[in-house]
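Bear in mind that the values in this text are calculations on the coordinates, not laboratory data. The shown structure was predicted, so the numbers you read here are calculated from the model rather than taken from an experiment. Using ideal geometry, Cβ is built from the backbone for each residue, glycine included, and neighbour counts are taken over all protein chains shown.
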Amino acid sequence: MDDNLFRYTMRIDKTLYQKFRYIAEYSGRSVNKEIEQMIKRRVEKFEKEHEEIILEKDNK
């Protein structure tokens with residue numbers, strides 16, 4: 001497994017998940033990749049509005 005990948009378990013309402021899965025499939029992505037794209041866009045927006053987030057080397 002790539003050391004740069006982090007596993008995270010999420011709990012979500014079943015109906016909301018099914019709708020989100022529909023959107024992911026419509027976009028040609030897996031649910032995981034759709035979530036990853038949303039997170040990337042959110043981080044980019046945050047950094048644009050505030051400042052770049054600098055992480056310490058040991059930050060996990």
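Miscellaneous remarks
- Loop-located chymotrypsin sites (Phe, Trp or Tyr not before Pro) in the chain, at most 16 other Cβ atoms within 10 Å (DSSP): F6, Y8
- Cα lying deepest toward the dipole's positive end in region 1-43, options G28, Q18, V43, charges on Cβ: Q18
- Cα centre as origin, Lys/Arg/Asp/Glu Cβ charges: the chain dipole, Debye: 460
- Ellipticity at 222 nm from helices only: DSSP H runs of n ≥ 4 in the chain, each -39500 (n - 2.57), divided by the residue count, give -17500 deg cm²/dmol.
- Top of I39, I12, I23 by mean-square fluctuation, Gaussian network on the chain, Cα under 10 Å: I12
- Net charge of Cβ neighbours under 14 Å - reference E44; Lys, Arg +1; Asp, Glu -1: 0
- Within the straight-line cut-off of under 19 Å between alpha carbons, the lysines reachable from K19 are K33, sequence neighbours fewer than 8 places apart in one chain being disregarded.
- Here the ratio of the Cα radius of gyration of the chain to 2.2 N^0.38 Å is 1.38.
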